[in-house]
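A short write-up of the structure that comes next.
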């Protein structure tokens with residue numbers, strides 16, 4: 001079993017989530033994209049289309065710094081938001 005993953009970023013646009021995931025992985029940070037959408041339709045209204053980025057606990061600070069810089073640089077939009085440190089239940093020891 002690997003390290004516990006922590007949700008660090010949430011957004012409602014799939015392409016935005018994929019950009020964030022690609023950025024982190026290109027910097028050597030393992031991450032998971034969690035799709036919390038609750039509809040078969042491609043809804044992006046409110047929490048119906050929420051996607052979250054989760055990283056191992058030990059990389060939270062570095063990952064948040066990278067995403068923050070990407071937002072400041074305009075690579076990511078300002079529509080997403082940072083999450084608290086919630087451990088992914090499937091990865092808890």
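Every number here is computed from the coordinates shown, using simple stated rules; none is lab data. Values in this document were obtained by computation on a predicted structure and should not be read as measured data. Positions of Cβ are backbone-derived with ideal geometry, glycine not excepted, and every protein chain shown enters the neighbour counts.
Net length available on complete extension from residue 34 to residue 83 is 16.3 nm, with 0.36 nm assigned per residue and the Cα-Cα distance removed.
Packing order of peptides 16-22, 3-9, highest average first: 3-9, 16-22 (average count of other Cβ atoms within 10 Å over each peptide's residues).
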